[in-house]
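Okay, structure first, notes after.
The values are calculated or read from the model by the stated rules, or taken from the named source; none is laboratory data. All values derive from a computational prediction rather than experimental measurement. Positions of Cβ are generated from backbone atoms using ideal geometry, with glycine treated the same way; all protein chains shown enter the neighbour counts. We work out accessible area using only protein heavy atoms, side chains counted, and drop any ligands, DNA or RNA first. Shrake-Rupley method; radii C 1.70, N 1.55, O 1.52, S 1.80 Å.
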Amino acid sequence: MHLLGEPLALDLLNTRPADGDLLTSPDALRTWLTALGMRLTVPWAAGRVGSAELAAVLDVREHAAAAIDAARRGEQPPAKALR
């Protein structure tokens, strides 16, 4: 795993480094969540992670990335990033 130890939002954004995407499957998401361990506000019990959970996490990551990119440019985040 790349760059664990930042605030959780940054750790999530860091799952898409320049050399690829670390969250390409439910198993990859499970591995990432397990690596975060006790830092999660809701205890992670290594439960079921399927396509729906992966899609939800990737959606959050895309919205967070869009909001941060806008902030870097001194712009308002796109409305879709705020939903």
Between residues in segment 55-70 that are outside any helix (DSSP H, G or I) and surrounded by 13 or more Cβ atoms within 10 Å (Cβ to Cβ) and residues that are hydroxyl-bearing (Ser, Thr, Tyr) and modelled with pLDDT of 90 or more, which pairs lie under 9 Å by C-beta distance while being six or more apart or on different chains? none
Checking the structure you have, find out if any residue of segment 37-54 is surrounded by 15 or more Cβ atoms within 10 Å (Cβ to Cβ), assigned to a helix (DSSP H, G or I), of a type in the set (Val, Ile, Thr) and modelled with pLDDT under 95. no
Single residue of segment 5-36 satisfying the filter (open to solvent by 70 Å² or more (accessible area, probe 1.4 Å) and within 24 Å of Ala66 (Cβ to Cβ)) that is modelled with the highest pLDDT: Thr24
